[in-house]
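To start, the structure itself, in structure tokens.
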Amino acid sequence: MGLDSESEARLGIEAAFIQSPEHRPNAKHCDFTLDQIPLIDLSPLSPTSPPHPTTLDSLVAQIHAACRDWGFFQVINHGVSPHLLHTVQSEAANFFSLPMQEKTKVRRDFDNPLGYYDTELTKNVRDWKEVFDFACRGTIRLPSSFEHESDEIRTSTNQWPQNPPRLREACEKYAEAMEKLSFRLLELISRSLGLPADYFNSKFEEHTSFLRLNHYSPCPVPELALGVGRHKDPGALTVLAQDEVGGLQVKRKDGEWIGVKPIPDSFVINLGDCMQVWSNDKYESVEHRVVVNDKRERFSVPFFLFPSHYVMVGPVPDLVNEKNPSRYKEFSWGKFFKRRRDSNFKNLGTENLQIRHFYISQNSSE
Ligand SMILES: O=C(O)CCC(=O)C(=O)O
Ligand SMILES: [Fe+2]
């Protein structure tokens, strides 16, 4: 942005955090009391009472409508113990309250992207947040390079801080619960596309899913910065727990930013880029962002369900036909993820890799 240090001091924030004017939030964007995103009750999935077929059909129909119209929904009665979630939230708060020198003992970097980080870029602008990332299954195997020729695979391993001592256990138990819930959701989404419930399961045998503890501290100039800049999640789906403060916004189909109302003990679910491609654009991965405020800190915990690194992502053959031809060329999940992640660490000087870079033009004259 090219601000000098005097201007930075006057604004109370470093230039790297400042969004360009068209992406800045305004007062209208800060209402988190309206309940517009679909709310879905998952109690028919309860293990004590197998669902009646008509109940399951109605649940699948609700999922279908939410995925088609919003790409976002909230779920209640999901079977995850509130205790697990509250423990992870309080351990996250304990961790982020530690002095910086303690947190940076588990710093994540270009070589090991798991751990603590406070300088993430989204679309080359710095986010007003600090995070702690950990793999759902302890390790993640990904290509070491985005380049096509390279086949080398690198394993990243979780880094656990000694402090707070119970963070690791809380996170590992929570991750297990998220893994289970996300597969149940994946089955519902699969049915909602007219596919067998287990259609996608083989793509997740060595899944590269990870969780993130997000901490957004109060920002002196919330009208200039964002907690997370506008983006789409790259994977299959995201299961997000947020506290009562509010900050997440979803871009509605008409282009309006809509706040997602915090509902106690609920999860916010959104579809990622892989689901958009698999569904051949029946469902969309919807843009979202996080606004910050100058009074209250906010915590959130997303679980990102990502396929195995070797999965080639392309439209599901059963969902394409002559009338509805395939809209995407296949791409390697591992290479796509690696490239997207590298852009979190350094300004690659170009636009981030997006699924539309694999779009097949439907116009034969182009
Ligand atoms: O904190 C939130 O509400 C959402 C964060 C998010 O979108 C992300 O980390 O991808
Ligand atoms: Fe996101």
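Listing for the model above:
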| item | result |
| --- | --- |
| Answer from Val250, Val239 - the residue that is part of a strand (DSSP E or B), farther than 25 Å from Cys171 by Cβ and within 16 Å of ligand 2 (Cβ to nearest atom) | Val250 |
| Residue within region 92-113 that is at pLDDT below 95 and out of contact with any strand residue (DSSP E or B) (no Cβ under 9 Å at 6 or more places or on another chain) present | yes |
| Conditions (1) at pLDDT below 95; (2) within 12 Å of ligand 2 (Cβ to nearest atom); number of the one not met by Glu223 | (2) |
| Criterion violated by Asp233 - all others in (1) open to solvent by less than 20 Å² (accessible area, probe 1.4 Å); (2) within 10 Å of ligand 2 (Cβ to nearest atom); (3) closer than 24 Å to Gln19 by Cα; (4) not in a loop (DSSP other than H, G, I, E, B) satisfied | (4) |
| Test result for Leu181, more than 27 Å from Asn293 (Cβ to Cβ), among the aliphatic types (A, V, I, L, M) and more than 16 Å from ligand 1 (Cβ to nearest atom) | yes |
| Residue ID - least open to solvent (accessible area, probe 1.4 Å), chosen from residues in region 28-47 that are in a helix (DSSP H, G or I) and modelled with pLDDT under 80 | His29 |
| Residues of region 274-289 satisfying the condition of being touching an Asp or Glu at 6+ places or on another chain (Cβ under 7 Å) and within 15 Å of ligand 1 (Cβ to nearest atom) | Ser285 |
| Residue tally, condition within 14 Å of ligand 2 (Cβ to nearest atom), farther than 28 Å from Asn324 by Cα and assigned to a loop (DSSP other than H, G, I, E, B), over region 271-310 | 1 |
| Any hit, region 66-77, residues being hydrophobic (A, V, I, L, M, F, W, C), at pLDDT 95 or above and in a helix (DSSP H, G or I) | yes |
| Which numbered condition Tyr328 misses (of (1) in contact (Cβ under 8 Å) with a residue 60 or more places away in the chain; (2) touching a strand residue (DSSP E or B) at 6+ places or on another chain (Cβ under 8 Å)) | (1) |
| Matching residues in region 59-89 - criterion: being free of Cβ contacts under 8 Å to residues at least 24 places away in the same chain and more than 29 Å from Trp257 (Cα to Cα) | His83 |
| Meets criteria (touching a Ser or Thr at 6+ places or on another chain (Cβ under 7 Å) and open to solvent by 10 Å² or more (accessible area, probe 1.4 Å)) for Leu319 | yes |
| Every residue from region 233-269 that is of a type in the set (D, E, K, R) and more than 9 Å from ligand 1 (Cβ to nearest atom) | Asp243, Glu244, Lys251, Arg252, Lys253, Asp254, Glu256, Lys261, Asp265 |
| Residue check, Lys295 under 24 Å from Leu224 (Cα atoms), among the charged types (D, E, K, R) and out of contact with any Phe, Trp or Tyr (no Cβ under 8 Å at 6 or more places or on another chain) | yes |
| Test: Glu284 is under 27 Å from Val311 (Cβ atoms), touching a residue at least 60 places away in the same chain (Cβ under 8 Å) and of a type in the set (Asp, Glu) | yes |
| Residue match in region 211-223 (condition: closer than 22 Å to Phe132 by Cα, within 14 Å of ligand 1 (Cβ to nearest atom) and aliphatic (A, V, I, L, M)) | yes |
| 1 or more residues surrounded by fewer than 16 Cβ atoms within 10 Å (Cβ to Cβ): qualifying strands (runs of 3 or more DSSP E) within region 111-220 | 139-143, 153-157 |
| Criterion: within 13 Å of ligand 1 (Cβ to nearest atom) and open to solvent by less than 10 Å² (accessible area, probe 1.4 Å) - qualifying residue of Phe306, Phe299 | Phe306 |
| So Val292, is it within 13 Å of ligand 1 (Cβ to nearest atom) and either out of contact with any Ser or Thr (no Cβ under 7 Å at 6 or more places or on another chain) or polar (S, T, N, Q) (or both) | yes |
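The values are calculated or read from the model by the stated rules, or taken from the named source; none is laboratory data. Values in this document were obtained by computation on a predicted structure and should not be read as measured data. Note that we place each Cβ from the backbone using ideal geometry, even for glycine, and neighbour counts take in every protein chain shown. These accessible areas exclude ligands, DNA and RNA; they are computed on the full protein's heavy atoms, side chains included. Shrake-Rupley method; radii C 1.70, N 1.55, O 1.52, S 1.80 Å.
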